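As structure tokens, the structure follows; a few thoughts come after it.
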Amino acid sequence: MPSTGFFVAAAAALITMMLAMRLARTYFGTRGMRVVLCPDNRRTAGVELDAGRAALSGILHAPEPRLRSCSRWPEKQNCGRECLGQITEAGDACLLRGILSDWYEGKSCAMCGRRIGEIDWTVSKPALITAQGALLGWTEVDFSRIHEILNTSSPVCFTCHVTNRFVRDHPELVVDRSSRRA
């Protein structure tokens, strides 16, 4: 017959596992860049929550969201953080991944014509080409103008983005054999 110590250890392990699952769910649920309307100037801004702090504060009660970064910082770093209310109200609707996934859905690459398909945001992020012909990865996009940029740009698949970026950054390593085929 199992002893009382076994039941106590099993209960402690179960509680620890449940708390770890809640911590992980909160952490991964609050990660990622979000697009909000800045209450100060009524323009879009890119913000990121402090996922670690939200996860730790959310172990025993509702997570407490705090900003980790904002595209309007450092000049507006001492703002009142009223945008946190928008994030709480909108939930995942303001998550940049979701906005971009919706934008890419059903579209084809402007360079090769292949359908973009489902996006793996951890490894193979697609890009875009602006109306002026600039090829931009998502780290180069000004999030304060995200909707304007999406309205005037075309999608580029990950393969074309990486290939063109390599040709641009390392022209000395590229051999163009297209003229030899003719």
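The values are calculated or read from the model by the stated rules, or taken from the named source; none is laboratory data. Since we're looking at a predicted model, the values are computed, not measured. Accessible surface areas use protein heavy atoms only, side chains included; no ligands, DNA or RNA. Shrake-Rupley method; radii C 1.70, N 1.55, O 1.52, S 1.80 Å.
Here are some notes:
- C-alpha center-to-center spacing [the stretch 71-104, the stretch 129-168] in angstrom: 21 Å
- Result for the chain in a Gaussian network model with C-alpha springs under 10 Å: among Ile116, Ile15, Ile59, the largest mean-square fluctuation is at Ile15.
- Accessible area of the stretch 12-107 belonging to carbon and sulfur atoms, whole % at 1.4 Å probe: 57 percent
- Helical mean residue ellipticity (222 nm; -39500 (n - 2.57) per DSSP H run of 4+; nearest 500) of the chain: -12000 deg cm²/dmol
- Accessible area per residue for the stretch 114-168, computed on protein heavy atoms with a 1.4 Å probe, is 59 Å².
- The chain: most fluctuating residue of Pro65, Pro74, Pro171 per GNM, C-alpha cutoff 10 Å: Pro171
- Near the amide H of Leu128, within less than 5 Å, lie the amide hydrogens of Leu136, Val156, all on another chain or at least 5 residues away, with H placed in the peptide plane.
- Ellipsoid semi-axes in whole angstrom, largest first, where each is sqrt(5λ) of the Cα gyration tensor of the stretch 83-180: 30, 14, 12
- Taking the Cα atoms of the stretch 110-160, the ratio Rg/Rh between the radius of gyration and the Kirkwood radius comes to 0.94.
- Computed from phi, the 3J(HN,Hα) profile of the stretch 153-160 under the Karplus parametrisation 6.51, -1.76, 1.60 (θ = phi - 60°) reads 10, 10, x, 10, 5, 4, 4, 5 Hz, with x in place of Gly and Pro.
- Restricting the calculation to Cα atoms, every distinct pair contributes to the Kirkwood radius of the stretch 1-146, found to be 18.1 Å.
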